[in-house]
Structures are given as structure tokens and as C-alpha cells.
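Colleague: Here you go, one structure.
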Amino acid sequence: MATLVVVTGGSAGLGAALLETAPGDAYRVDVSRSGSAPDGGSHLALDLADPASWDVFAAGFERLVDEQPWERITVIHNAGVLDPIGFAGEVDGDAYRRHVLLNSAATQVVGHAVLAAIRELSCRRELVFISSGAATNARAGWAAYGAAKAAGDQWVRAVGLEQQVRGGVKVLSVAPGVVATAMQEQIRTTAERDFPGVDRFRQLHDEGRLEAPGEVARRLWALLDDPQVGTGTVTDLRER
Ligand SMILES: NC(=O)c1ccc[n+]([C@@H]2O[C@H](COP(=O)([O-])OP(=O)(O)OC[C@H]3O[C@@H](n4cnc5c(N)ncnc54)[C@H](OP(=O)(O)O)[C@@H]3O)[C@@H](O)[C@H]2O)c1
């Protein structure tokens, strides 16, 4: 077993599908609050919206990296929330702070920790940030969410430039499209007052246009094998 796959938010939705469809012999690790160890793997119970968890993640990841001479290490930072959906200045302040800490701050801090732990290795190494179309389409009610995804994309572009100079890690951002997960259920049940664009998502659901998490996950793994997709690339899977 020489492949290490770490997925944050691997307990549900797209993250769980990414772990299920990971290369056959991989040692799989889920990093989430409520998950459990996947078959042939382990679980790191962390609340990544809590800054105290970031050092715990870094130490846990370093331990995994040191466990054996891996041939491939892939980390997918997929954990994310939409909560609280609503207008800035109206939603609950504590929930807003947790959102920013998880979606914006943890992305960069966890990303840094991953790069620090694998920078001296020469095996195949990939770090993937799960983004969203909301990075480029501003939507009322999703301000912090869109800002976080846009920040993640720009972080990937800049870190990609760095890794071309030295490092050699393939760092990618991938927007998965509209995927049938709990997050989409939450969107559809949001009041129009908090999310004026809700109708489009109800319609996509009614028309059966949500993508299955397993299918999206398989396309993401195929993207990682595509030599044309170089470090620093920001990809929308719907455009492939
Ligand atoms: N679904 C879509 O249509 C869609 C579209 C574009 C982008 N995305 C992105 O895709 C990613 C996955 O979304 P999804 O649709 O699969 O959502 P989901 O079904 O709600 O799953 C979210 C995952 O994130 C984890 N998570 C949430 N808060 C966390 C925290 N504080 N600490 C650690 N883990 C946390 C959850 O685990 P625990 O609750 O166990 O902690 C869960 O595993 C997100 O980054 C999302 O922004 C989704």
C-alpha cells in the first residue's frame, strides 16, 4: 500500500465519494468531525473551523507522511459549509466567523501544513482544493462562501507558480459542478429572503440535473492523471 489519500470532509457527500473512488490500494484518511475510518484507512476527528485543530492536523499529517516511503500522496481539501446562508450583517455572527475560519482560513493554513510536510519528498504529490462556481459568480446570500472559494482559487494559482520554481507539488483547484449532496438539500430549503437565487437550484433538482457524487469523484481522479493539467490550474469540471 504505497498511496496515501487524505480527504478533509470525507464523512459525507463529495468527500466520501472521493475516498470511495480513490486508487484501489490507497491508505485512506478522513478528516472531519463526524466521520469514521474508511475501509483500509483511518479517521482524524477534527473541527477545522477551530484554529486549535490546525496544528493537530499538521502533526497528524506529518505522522502519516513519515509512516512509510509513499509512492504517491494526494490531499484533497474538500471540507466546506454554506452555513449561514443569508446576508452579511443579518446572519448570526458566531456562525459567520466559523464559516470564514473553515472556508477561507483553514484552506490556506491546512494547505501550508501539507506543503511543509511533503516539500522534501520526491514521490508523486498532489494537493487539491475543492472550489465552486461561486468563486466567479457572485450570489446574494453566499458572500463569505464565494469570497472563500475565490481566495482558494487565487491561493492555488500563486502556490502553483511557487511550486514551479521549487517544490514540484501539483496544486489544483477544482469546482465540482452541482452535486447531489446534503449541501444542495440545504440550498433548496433556504428561504428566498436569505438566498434570492434559490429557485435556480430547485429547478436544477426538479429537472434531474444534479450530478452524482461518485461520478464527479471519478472525473476528479481522472483529472489528476491528466498530464496537461499542471500545477496552479483552476478547473471547473463542468467545462471538461
Ligand atoms: N454540492 C455541491 O453542489 C457543491 C458545489 C460546489 C462546490 N462544492 C464544494 O464541495 C465540497 C463538499 O461539499 P458537499 O456538497 O459534499 O457538502 P456536504 O455533503 O455538506 O459535506 C461537507 C463535508 O465537510 C465536512 N465539514 C463541514 N464542516 C467541517 C468542519 N468544521 N471541520 C471538518 N469538516 C467539516 C463535513 O464533515 P463533518 O460534518 O463530519 O465535519 C462533510 O464531510 C465543499 O467544499 C463545497 O463547498 C459543493
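We did not get these values from a lab; they are worked out from the coordinates using the rules stated. The structure displayed is predicted, hence computed values, not measured ones. FYI the Cβ positions are ideal-geometry reconstructions off the backbone, even for glycines, and counts take in every protein chain you see.
Colleague: Taking the range 168-207, which residues are away from the ligand (no atom under 14 Å from the Cβ), surrounded by fewer than 17 Cβ atoms within 10 Å (Cβ to Cβ) and part of a loop (DSSP other than H, G, I, E, B)?
Modeller: Those that are away from the ligand (no atom under 14 Å from the Cβ), surrounded by fewer than 17 Cβ atoms within 10 Å (Cβ to Cβ) and part of a loop (DSSP other than H, G, I, E, B): GLY168, ALA191, GLU192, ARG193, ASP194, PRO196, GLU207.
Colleague: Continuing with this model, one more query. Among the residues of the range 176-189, is there at least one that is under 23 Å from ARG125 (Cα atoms) and within 18 Å of the chain's Cα centre (by Cα)? First the steps, then the outcome.
Modeller: At the first step, the residues of the range 176-189 found to be under 23 Å from ARG125 (Cα atoms) are 176.
Among the residues that remain, those that are also within 18 Å of the chain's Cα centre (by Cα) are: 176.
Yes, the range 176-189 contains a residue that is under 23 Å from ARG125 (Cα atoms) and within 18 Å of the chain's Cα centre (by Cα).
Colleague: Of GLY15, GLY10, which residue is touching a residue at least 40 places away in the same chain (Cβ under 8 Å), near the ligand (Cβ under 10 Å from one of its atoms) and touching a helix residue (DSSP H, G or I) at 6+ places or on another chain (Cβ under 6 Å)?
Modeller: GLY10
Colleague: Determine whether the range 83-97 contains at least one residue that is touching a His at 6+ places or on another chain (Cβ under 7 Å) and among the charged types (D, E, K, R). Please lay out each step first, then the result.
Modeller: Residues of the range 83-97 that are touching a His at 6+ places or on another chain (Cβ under 7 Å), as a first pass: 83-84.
Checking which are among the charged types (D, E, K, R) leaves us with 83.
Within the range 83-97 (the criterion being touching a His at 6+ places or on another chain (Cβ under 7 Å) and among the charged types (D, E, K, R)), the answer is yes, since at least one residue qualifies.
Colleague: Determine if the range 111-124 includes at least one residue that is surrounded by fewer than 20 Cβ atoms within 10 Å (Cβ to Cβ), polar (S, T, N, Q) and under 15 Å from the mean Cα position of the chain (by Cα).
Modeller: no
Colleague: Give me the pairs: first residue in the range 33-52 and touching a residue at least 40 places away in the same chain (Cβ under 8 Å), second residue assigned to a loop (DSSP other than H, G, I, E, B) and within 12 Å of the ligand (Cβ to nearest atom), beta-carbon distance under 7 Å, and six or more apart or on different chains, which are they?
Modeller: LEU48/ALA79
Colleague: Identify, by number, the condition in (1) part of a helix (DSSP H, G or I); (2) away from the ligand (no atom under 14 Å from the Cβ); (3) charged (D, E, K, R) that GLU90 doesn't meet.
Modeller: (1)
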